[in-house]
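The values are calculated or read from the model by the stated rules, or taken from the named source; none is laboratory data. Computed from a predicted model, the values in this text were never measured in an experiment. Quick reminder, even Gly has a Cβ in these numbers, built from the backbone with ideal geometry, and neighbours come from all protein chains shown.
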Amino acid sequence: MLKIGCHLSASKGYMHMGKEALSIGGNTFQFFTRNPRGGQAKAVDPEDAAAFLQFAKEHDFAPILAHAPYTLNPAAADLKVREFARMVFLDDLERLEYVPGAYYNFHPGSHVGQGTEEGIRLICELLDEAAERGPHTTILLETMSGKGSEVGGRFEELRAIIDGTKAGPRLGVCLDTCHIYDAGYDIVNDLDGVLAEFDKVIGLDRLKAIHINDTKNPYQSHKDRHEKIGRGYLGLAFFERFINHPLLRELPFYLETPNELEGYAEEIALLKGLYR
Ligand code: FE
Ligand code: FE
Ligand code: ZN
């Protein structure tokens, strides 16, 4: 069975998201751990989390994906920005202890002119601290489009993060189809080649989740603008190959396309129809 879900609003808790996911044909979902502008996250309701875990089991859910605020930048030059990233990151991991089996996905960060190497060093510093606290949640590094001074647009950069931190053995990767195409990995014409490179540089055993998005921009544009499935430069034929690929078909897929719930329901149905 295709493991698929979409990005949902977390404002009404886990159980609400679980039911919403199910109502649109999904068996997992993604959510932001808090408002992207930061600030206090809503307190976890342990009863809601426990009820959801039971619900997820009954409905055979794939792991859910908690996404850190995209404003979080552990690689920032500004100490205050880094300190904010640190507090949010460690607090999120603590809160995720209520939903064992979830993944925590984050954008590695932007080095803002300090250089990729320094950016990676700072990211590893935060991951080291997270590792020392011993959370159980698997942390996922998201593949980025390489926009601006983003770290993570090349597989080698994710490898360097994995190698540079004590958290390394417990890190995974979330592959975003829009981002890697924008970054310059030609998944349309050479999916096998890109996966072979991923395997060589990072290792396919690290690949835990897929952000399944079309892109508004052509190959190697370094833009990061998501498009509805089949309406962008990746195209429907690509997505059919992609979700059925022997190395990918068992992974959970999360839609982050520009849609409301109804549009997500349509895309989930579309992809299910293409899944063999
Ligand atoms: Fe993301
Ligand atoms: Fe993404
Ligand atoms: Zn994106």
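Looking for whichever is within 16 Å of ligand 3 (Cβ to nearest atom), modelled with pLDDT of 95 or more and of a type in the set (A, V, I, L, M, F, W, C) here; the options are Leu53, Leu65. Which one fits?
Among Leu53, Leu65, only Leu65 is within 16 Å of ligand 3 (Cβ to nearest atom), modelled with pLDDT of 95 or more and of a type in the set (A, V, I, L, M, F, W, C).
Going residue by residue through the stretch 138-161, is there one that turns out to be in contact with a Cys (Cβ under 9 Å, 6 or more places away or on another chain), over 30 Å from Gly235 (Cα atoms), assigned to a helix (DSSP H, G or I) and more than 16 Å from ligand 3 (Cβ to nearest atom)?
Yes, the conditions are met somewhere in the stretch 138-161.
Might you check whether a residue that is within 19 Å of the chain's Cα centre (by Cα), under 24 Å from Asp192 (Cα atoms), in a loop (DSSP other than H, G, I, E, B) and of a type in the set (Val, Ile, Thr) occurs anywhere in the stretch 228-247?
Among the residues of the stretch 228-247, at least one is within 19 Å of the chain's Cα centre (by Cα), under 24 Å from Asp192 (Cα atoms), in a loop (DSSP other than H, G, I, E, B) and of a type in the set (Val, Ile, Thr), which makes the answer yes.
Working carefully through the options Ala62, Ala160, Ala66, find the one that is out of contact with any Gly (no Cβ under 9 Å at 6 or more places or on another chain) and under 28 Å from Leu8 (Cβ atoms).
Within the list Ala62, Ala160, Ala66, the selection yields Ala66.
When the residues of the stretch 178-191 are narrowed to those that are more than 10 Å from ligand 3 (Cβ to nearest atom) and not in a loop (DSSP other than H, G, I, E, B), which ends up farthest from Glu227 (Cα to Cα)?
Leu191
List every residue pair whose Cβ atoms sit under 7 Å apart, with the two residues 6 or more apart in sequence or on different chains, where the first one lies in the stretch 247-260 and is surrounded by fewer than 17 Cβ atoms within 10 Å (Cβ to Cβ) and the second, anywhere, is aliphatic (A, V, I, L, M).
Close Cβ pairs (under 7 Å, with a partner that is aliphatic (A, V, I, L, M)) amount to Leu247/Leu195; Leu247/Leu204; Arg249/Ile243.
Kindly list the number of the only condition in (1) touching a residue at least 12 places away in the same chain (Cβ under 8 Å); (2) not in a strand (DSSP E or B) that fails for Phe29.
Of (1) touching a residue at least 12 places away in the same chain (Cβ under 8 Å); (2) not in a strand (DSSP E or B), only one is false for Phe29: (2).
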